[in-house]
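Reading through the structure tokens given below for one structure.
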């Protein structure tokens, strides 16, 4: 793994929020991070809030209900649990708790009244979702030990993540007192503390890098702590550096390629050589663009950077463990004693 | 075997009046929409493209920066009497204008000034989709276009686009807000009997959580909106039936990634359930193999090349590309296996962002090239 690695200060965080532009693989990275932090006998919770059932697809399990379930074991006796937060169920939970709604709750939900209440005030949704995440992160067992050593949140994409996390603003939508208001105040305290960090997943492409840099600035401006930048799907660069610029400008020495191939005992038809040359140019243009994107990323933010490789076979459960191992190798860990012995 | 999507036949057919490009976020819907509209314009049709949130450089290429909420002609685009016009959806303005057309100036002013209207018109999750539909309806009603190409909003799910108008209607029809603001009077006895005292509790809980002011604003908004709601719903219904008419063709755009193709599959199923006309799938940003040399042979050769680092690099990057192309074809065949008969066209990735009309022309050409290529060089066997 290249990149600057995982700084020690992030190991004190217990709430790891993972965002990224759509299509950058943030759910995969969140899953790998939950596995990585669970290593060595820890317990982590992986949470999703957008109703996509992305975790179930990633871990190849049936759709998750609104309850915490064990979905994977981590190397060294750890475990990952998962939770798909359902905003309507979360609101009903509150109503049950504070207003004893009884069976009417379900009827109301069927009528669409619960959905109506949550759409009436967009801020309410965010407060409920972040509130549930905070509750999981703060929950303690009878011995006073946190139930989860770390909570990893597969958060909304970069475009929406700051307004999602900046509950202070959402609270303006809500009444100035009452249980949900108190809950929101607690969320603000946790999200704006050292206990939380927001990691941004990106690809080495123009728009994802721009959004990453913008999001990190917005997070900092909102008093939220940016964590690491995780560069995903990094592909190998085969061409020697000096050849990249030349090839990217269309100056590929077809003669040299041909003679090199001939020397290797490959006598290739002209159209094969032509095809290889075109592929080489495309590769070089991409590598060139990636180098520029990386430079913009380095220039635009001083956040620590981790890199994960492109998986040619796509992501399955096995390769998720590989990605987790790479994150561990880069230093991703959480400060908590192992549970494996108990 | 994959059926080829005949893009030119679709664009040339005078019966094709609307093309809707849909798909999950980040797959290149906006660029594809613009490329299809441009191609139609250069094949002699009077085309307009309704884009939602184009990247800056694409907007520049279409001359969208100076435009308001109406289409403007794109200079340098069009041939054989065809023209290309383009516009970018201004969600808030479309909503404002709709309110103004459907009610008296006084009432419109009341609605626009309501704080709750600000929330609905800017941050309600279905507003963008609804306004895109409204704008499509307006463009179609003018009768001045041969072809309207619509880009759909960048929602997380392609299906949001079809569901938003319904969700928004339910939200605005006032039943819920009346229930919440005065549960004792509204809703009818039948409903109250079912939900019983629970509802009164619920209404009180909601008002405790949200605050009385928000409910009061919402209630005032819905009351003012009530008079125009009939017209509102009629419009939505009309647009929905427009989408089901034979002149409409849905083009599903996906990148060769599992998530995007899964969304595409959901969407294809949904279109068929709604009996909406699907033209086919644009598989965007593929990496076709350009030289018939297998990955295994290329890697073996790269290992044996000595003193020719460039040739070895070329062989290795070719081998990677074969693997990638294989993976993409496997993902595609999983899709076509479950949805046989959906015509497909593949658009190879372009290294740089599209910044001008020529870039769009290139993409249009690739979209239309499925027939020539057939099942060409998709596998790296041979040699």
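Bear in mind that the values in this text are calculations on the coordinates, not laboratory data. Quantities reported herein were computed from a predicted structural model and do not represent experimental measurements. Don't worry about glycine lacking a Cβ; one is built from the backbone with ideal geometry, like all the others, and counts go over all protein chains shown.
Observations, loosely collected:
- Percent of beta bridges antiparallel (DSSP, chain A, rounded to nearest 5): 20 percent
- Relative contact order of chain A: 28 percent, from C-alpha pairs under 8 Å at least 6 residues apart in sequence.
- Mean sequence separation of contacting Cα pairs (under 8 Å, at least six apart), scaled by the length of region B:1-145, corresponds to a relative contact order of 20 percent.
- Hull volume in cubic angstrom per residue (convex hull over the Cα atoms of chain A): 171 Å³
- GNM flexibility winner over chain A from A:22, A:314, A:51 (Cα, springs under 10 Å): A:314
- Straightening the chain between residue A:70 and residue A:110 buys 11.5 nm, computed as 0.36 nm per residue apart minus the Cα-Cα spacing.
- Within the listed set A:109, A:42, A:14, the Gaussian network model of chain A (springs between alpha-carbon atoms below 10 Å) gives the highest mean-square fluctuation for A:109.
- Exposure proxy ranking, count of Cβ atoms within 10 Å, fewest first, for A:210, A:193, B:33: A:193, A:210, B:33
- Note on residue B:118 and residue B:365: the extension gain reaches 84.6 nm, defined as 0.36 nm multiplied by sequence separation minus the Cα-Cα distance.
- Shielding of peptide A:281-291 by partners, expressed as the average count of other chain Cβ atoms within 10 Å per residue Cβ, is 3.
- On the beta carbon distance between residue B:3 and residue A:274, with R0 = 35 Å, the FRET formula returns roughly 0.75.
- Rounded to 10°, Cα long-axis angle of helix A:179-191 versus longest principal axis of chain A: 40 degrees
- Distance from region A:310-341 to region A:222-287 (C-alpha centre basis), Å: 30 Å
- Between 0 and 90°, nearest 10: helix A:122-138 axis offset from chain A longest Cα axis: 90 degrees
- Placing a label point 7 Å from the Cα of residue A:145 along the Cα-to-Cβ direction, the residues of region A:311-342 whose backbone N falls under 20 Å from that point are A:333-342.
- Shielding by other protein chains, B:317-324, mean Cβ within 10 Å: 5
- The residues B:209, B:52, when put in order of fewest to most other Cβ atoms within 10 Å, stand as B:52, B:209.
- Mean-position separation - Cα centroids, region B:258-328 and region A:182-218, in angstrom: 33 Å
- Annotation: extensible slack from residue A:294 through residue A:267 equals 5.9 nm (criterion: 0.36 nm per residue apart, minus Cα-Cα distance).
- Label-to-label distance for residue B:60 and residue B:81 is 3.6 nm, based on points extended 7 Å past Cα in the beta-carbon direction.
- By the count of neighbouring beta-carbon atoms within 10 Å, fewest first, A:181, A:283, B:80, B:318 end up ordered B:80, A:181, A:283, B:318.
- Among A:245, A:196, A:264, residue whose mean-square fluctuation peaks in a GNM of chain A (springs only between Cα atoms under 10 Å): A:264
- Percent antiparallel among DSSP beta bridges (both partners in the protein assembly as shown, rounded to 5): 15 percent
- For chain A, the longest principal axis of the alpha carbon atoms and the long axis of helix A:26-38 meet at an angle near 70°.
- A Förster radius of 35 Å, combined with the Cβ-Cβ distance separating residue A:61 from residue B:304, puts the computed FRET efficiency at roughly 0.20.
- Using a Förster distance of 60 Å, the FRET efficiency for residue A:259-residue A:316 (Cβ separation, nearest 0.05): 0.90
- Where labels lie 7 Å past Cα in the beta-carbon direction, separation of residue A:182 and residue A:9 in nm: 3.4 nm
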